[in-house]
1. Mind listing whichever residues of region 41-57 are buried (at least 16 other Cβ atoms within 10 Å of the Cβ) and either closer than 19 Å to residue 87 by Cα or not hydrophobic (A, V, I, L, M, F, W, C) (or both)?
2. Scan region 135-146 and tell me whether some residue there is under 29 Å from residue 68 (Cα atoms), at pLDDT 95 or above and surrounded by fewer than 18 Cβ atoms within 10 Å (Cβ to Cβ).
3. Hey, any hits in region 222-235 for a residue that's at pLDDT below 95, closer than 20 Å to residue 151 by Cβ and surrounded by fewer than 19 Cβ atoms within 10 Å (Cβ to Cβ)?
4. Answer with yes or no whether residue 120 is touching a helix residue (DSSP H, G or I) at 6+ places or on another chain (Cβ under 9 Å), in contact (Cβ under 8 Å) with a residue 12 or more places away in the chain, farther than 21 Å from residue 73 by Cα and not in a loop (DSSP other than H, G, I, E, B).
5. Any residue in region 137-152 that's assigned to a strand (DSSP E or B): show its pairings with residues that are of a type in the set (Ser, Thr, Tyr) and modelled with pLDDT of 95 or more at Cβ separation under 6 Å, as long as the two are six or more apart or on different chains.
6. How about region 147-184: which of its residues are among the polar types (S, T, N, Q) and either surrounded by fewer than 24 Cβ atoms within 10 Å (Cβ to Cβ) or out of contact with any Leu (no Cβ under 8 Å at 6 or more places or on another chain) (or both)?
7. How many residues, within region 32-52, are among the acidic types (Asp, Glu) and in contact with a helix residue (DSSP H, G or I) (Cβ under 6 Å, 6 or more places away or on another chain)?
8. Among (1) of a type in the set (Gly, Ala, Ser); (2) closer than 30 Å to residue 245 by Cβ; (3) part of a loop (DSSP other than H, G, I, E, B); (4) modelled with pLDDT of 95 or more, where does residue 86 come up short?
Amino acid sequence: MDIAGKLIVVTGGANGIGRALCERFHAEGARKVVVVDLEESNARVVAETIDGDAYGVDVRDESAIKAMVDQVEAEHGTIDLFCSNAGIIALDGEPWWATSAPNETWQAMWDIHVMSHVYAARACLPGMLERGSGYFLNTASAAGLLNQIGDAAYSTTKHAAIGFAESLAITHGDDGIKVSALCPQAVATRMIGDSGGGGTAGVDGVLTPEAVADAVVEGLAKEVFLILPHKEVEEYRRRKTEDYDRWLGGMRKLRRTMGVPST
């Protein structure tokens, strides 16, 4: 995909990776970038700097996503690229079991990391299918290919996010729909500030949001499914598929090495 001249929507666009994507798409000549975020005032700040539009939307609310998509398409035409980027992190918490996080955390992760992608696709697919083209960029995480030690809910829902992106690509690839899954490790955003600097996800370094945006533009140009800003992730994924038990042992060792609390 060539970004120039495209109509693009970015959820979670007011901060971090989302903001960097909005700014980079504008710099690449996008026709219009729509900044969507729960924090509407911050979305407006970003939109003002890039001559974009801003919407305050809770991505857990399907009707709100649908209403936003309908309004954007009524004003600007069919969306070319929808970046479903919003995300949260929480960690397992005491007593640091894989089941420690409360149900409310699991549900929020499911709604934001999985169902928001489903809602976006439901809203956008009719116009894209009618035109025979469209692109979804779904922000997942390297945790969806590997795992995030100390955050079972995050890891589980990011795996599910990749599964849905795969289904989109399989089901609608012949209809002209393109799909990419963005899977970074640690990125310098508010999320890792809340989780102690990235934890085990930061072992290969913490990228800037701008570096992730660079990787996204490159991946979209090539129309690859997996966009891996941390190149090490491909090797880790290969090791996992070659010997699952050895990989699990290595992850347990990493957990001990990084000082994650024991049960």
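The values are calculated or read from the model by the stated rules, or taken from the named source; none is laboratory data. For clarity, every value in this text was computed on a predicted model and none was experimentally measured. Quick reminder, even Gly has a Cβ in these numbers, built from the backbone with ideal geometry, and neighbours come from all protein chains shown.
1. If the condition is that a residue be buried (at least 16 other Cβ atoms within 10 Å of the Cβ) and either closer than 19 Å to residue 87 by Cα or not hydrophobic (A, V, I, L, M, F, W, C) (or both), then 42, 43, 44, 46, 52, 53, 54, 55, 56, 57 are the ones that fit.
2. No, there is no match, as no residue in region 135-146 is under 29 Å from residue 68 (Cα atoms), at pLDDT 95 or above and surrounded by fewer than 18 Cβ atoms within 10 Å (Cβ to Cβ).
3. no
4. Values: touching a helix residue (DSSP H, G or I) at 6+ places or on another chain (Cβ under 9 Å): yes; in contact (Cβ under 8 Å) with a residue 12 or more places away in the chain: yes; farther than 21 Å from residue 73 by Cα: no; not in a loop (DSSP other than H, G, I, E, B): yes.
In short, no.
5. These pairs meet every condition: 137/180; 138/84.
6. Across region 147-184, the qualifying residues are 147, 148, 155, 156, 157, 167, 171.
7. 1
8. (2)
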